[in-house]
1. Only counting other Cβ atoms within 10 Å, I'd like 14, 182 sorted with the fewest neighbours first.
2. Calculate the FRET efficiency for residue 17 and residue 123 from the Cβ-Cβ distance with a Förster distance of 30 Å, rounded to the nearest 0.05.
3. Between the helical axis of 46-69 and the dominant principal axis of the chain, each derived from Cα atoms, what acute angle in degrees is found, rounded to the nearest 10?
4. Normalising by the residue count of the chain, find the relative contact order in percent from Cα pairs under 8 Å and 6+ residues apart.
5. Set the Förster radius R0 to 45 Å, insert the Cβ-Cβ distance between residue 246 and residue 55 as r into 1/(1 + (r/R0)^6), and round the FRET efficiency to 0.05.
6. Using only helices, what value at 222 nm comes out for the chain when you add -39,500 (n - 2.57) per DSSP H run of length 4 or more and divide by the total residues, to the nearest 500 deg cm²/dmol?
7. Pairing the Cα long axis of helix 153-172 with the longest principal axis of the chain, what angle in degrees results, from 0 to 90 and rounded to the nearest 10?
8. Quick check: pseudo-label points 7 Å beyond the Cα along Cα→Cβ at residue 87 and residue 162, how many nm apart are they?
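Every number here is computed from the coordinates shown, using simple stated rules; none is lab data. As the structure is a computational prediction, the values presented were derived from the model and not from experiment. Ideal geometry is used to build each Cβ from the backbone, glycine not excepted, and the neighbour counts take in all protein chains shown.
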């Protein structure tokens, strides 16, 4: 670890690109590395995961080096802070609070987090920058932690039907703003349903994206990856190719 810290400090001194980076300029790289790590996990590629975790660690070291130069904090401060947090959030391990369930551990985590960070709202800790589906699920999970939740998935399914009817009503009234708002409510409720089923809405949509990509690539292959042919192929033919792709990629 010390070797990596020294490498970064030298890069900050001697490399013109590294030297001009800031917390703001590095945001995109941190985000990209996180998504690449998720891809490696989804692909179950342990060698790639090892590399991507290293890239994320580099980002942590990079930000820490910038902060150290400005006398804000050091990498050691980062390690100390997360170590202290993990001990505080796990009293069932490091203190005498024993014999609790995984669900109780999660509830205690949220309670400790809310108390230690002095937040006025239970929902303040959900980052605005999260993808919308993931943010919706985290908001719902935090609300559920205090008992503000649907009793079961069936009750959410009934709410879905109600929301869908409201979309229909807004559409019939030809008010686009109302229709868009009702569609948002419908999607939020759909996330609630997936959560109550024990699924992750973000992951479900990502899998649907990958399925679409796989089938579309199959369709492109049938047209020899010729973009001009793809543009000039009529919709009926494209639909037939799509149905073939669905069968061949199942």
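1. Sorted ascending by nearby Cβ count, the order is 14, 182.
2. On the way: r = 39 Å, r/R0 = 1.30.
That pair, residue 17 with residue 123, gives E of 0.15.
3. Approximately 50 degrees, to the nearest ten.
4. Values: 140 pairs, mean separation 25.0, N = 250.
Here the relative contact order equals 10 percent.
5. Numbers: r = 36 Å, r/R0 = 0.80.
The calculated FRET efficiency here is 0.80.
6. Theoretical 222 nm ellipticity from helices: -24500 deg cm²/dmol.
7. Result, in degrees: 60.
8. Going from the residue 87 label point to the residue 162 one covers 4.8 nm.
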